[in-house]
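See structure below.
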Amino acid sequence: MICGLMIGFLNRQVRKSTGKEDTLAGKNLTGSATGRSENQFTISVGRFTVAMSAPLEPDEPEDRISCWWGVTSASVVLSEYLAASQDLGGLTAVELGCGLGLAGITAAKMGAHVVFTDYSSDALAFAGRNSALNGVESAKTSFLILDWDKPAALEPVDLLLGAEILYDYFFHGSLIHLAHEILKDDGTLLLADRKRLVVTRFVGRLVSSGFRCSQISTVCRHEGFPNQEITIYRLDRCRHAPRALTDLRTSSGKSPVPDK
């Protein structure tokens, strides 16, 4: 499985200590998030340096595919897109399948109130720890176990965020229903993923259900990550998205996500 191979690659990079800042190299610590040993490292996201912790030996769920303990190229690109946006103050966001919480932390640092959601309670524990490591105000965050098939009640939000969460066709219907349920009438869903059939089919179904899609691709060029081309899909529920969000294309037609 590609996702599993990527996570293995990232874990090897985390264990390789180079002493450089803003790489995946880090220290082995006794984790305060779950009581297990963990790695601590930093990732450069736009003008932010985001501190992250990840478990050395995560417990893999038996009932569904999950790679919550890794940071993917898609989550880095989505975070850079958010960091390139204007102030998100006053907006509410939900990060779907948050894992370690990189995109949600970036949105919170840009001013949004963020609800971190995941199927795994361990993921939420690490997302909470990582949020605290980065000085995100607790008043700006909340953490919720979310089963897309049986979602908990959520107040309508301005933004839904997801990085590489579309790998299982089985959950597409539930996710489409969830997007309609918890996005405001003028809300926006931001998805970052590799352009592949499982992704384009989901986007097509969402567009057929009443969303408008624009997209742009960029290559993630961060040390320790595969140089993958990642596409950001911006799916607006109505004609105008929240004004604080950067347009997918600038006047020059280029992505606002920096190409490193």
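The values are calculated or read from the model by the stated rules, or taken from the named source; none is laboratory data. Bear in mind the structure is a predicted one, so any value in this text is a computation, not a measurement. For neighbour counting, all protein chains shown are included, and Cβ atoms are generated from backbone atoms with ideal geometry for every residue, glycine included.
So the values come out like this:
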| quantity | calculated |
| --- | --- |
| Residues (part of a helix (DSSP H, G or I) and either surrounded by fewer than 24 Cβ atoms within 10 Å (Cβ to Cβ) or out of contact with any His (no Cβ under 8 Å at 6 or more places or on another chain) (or both)) located in region 74-91 | Ala74, Ser75, Val77, Leu78, Ser79, Glu80, Tyr81, Leu82, Ala83 |
| Single condition Tyr169 does not satisfy, out of (1) touching a helix residue (DSSP H, G or I) at 6+ places or on another chain (Cβ under 8 Å); (2) over 19 Å from Ala103 (Cα atoms); (3) at pLDDT 95 or above | (3) |
| Complete set of residues in region 188-210 that are under 21 Å from Tyr81 (Cα atoms), touching a residue at least 24 places away in the same chain (Cβ under 8 Å) and either of a type in the set (Lys, Arg) or not in a helix (DSSP H, G or I) (or both) | Thr188, Leu189, Leu190, Leu191, Ala192, Asp193, Arg194, Lys195 |
| Criterion violated by Thr42 - all others in (1) in contact with a strand residue (DSSP E or B) (Cβ under 6 Å, 6 or more places away or on another chain); (2) closer than 23 Å to Asp147 by Cα; (3) outside any loop (DSSP other than H, G, I, E, B) satisfied | (2) |
| Gly253 being of a type outside the set (A, V, I, L, M, F, W, C), at pLDDT below 85 and touching a helix residue (DSSP H, G or I) at 6+ places or on another chain (Cβ under 6 Å) | no |
| Considering residues of region 212-222 that are part of a loop (DSSP other than H, G, I, E, B) and in contact with a helix residue (DSSP H, G or I) (Cβ under 8 Å, 6 or more places away or on another chain) only, the residue modelled with the lowest pLDDT | His222 |
| Qualifying residues in region 35-51 (those that are of a type outside the set (D, E, K, R) and over 26 Å from Ala83 (Cα atoms)) - the one modelled with the lowest pLDDT | Gly35 |
| Restricting region 142-160 to residues that are touching a Phe, Trp or Tyr at 6+ places or on another chain (Cβ under 8 Å) and surrounded by 16 or more Cβ atoms within 10 Å (Cβ to Cβ), the residue that is modelled with the lowest pLDDT | Trp148 |
| Residue in region 118-141 that is farthest from the chain's Cα centre (by Cα), counting only those that are exposed (fewer than 14 other Cβ atoms within 10 Å of the Cβ) and of a type in the set (S, T, N, Q) | Ser138 |
| Count - residues of region 130-163 that are out of contact with any Leu (no Cβ under 9 Å at 6 or more places or on another chain) and either in a helix (DSSP H, G or I) or touching a residue at least 60 places away in the same chain (Cβ under 8 Å) (or both) | 8 |
| Residues located in region 92-127, provided they are under 21 Å from Ala153 (Cβ atoms) and in a helix (DSSP H, G or I) | Gly104, Ser121, Ala123, Leu124, Ala127 |
| Index of the failed condition, Ala127 passing every other in (1) touching a Leu at 6+ places or on another chain (Cβ under 7 Å); (2) modelled with pLDDT of 95 or more; (3) more than 17 Å from Trp69 (Cα to Cα); (4) of a type outside the set (Asp, Glu) | (3) |
| Extreme residue, modelled with the lowest pLDDT, among residues of region 52-77 that are among the small types (Gly, Ala, Ser) and more than 12 Å from the chain's Cα centre (by Cα) | Ser66 |
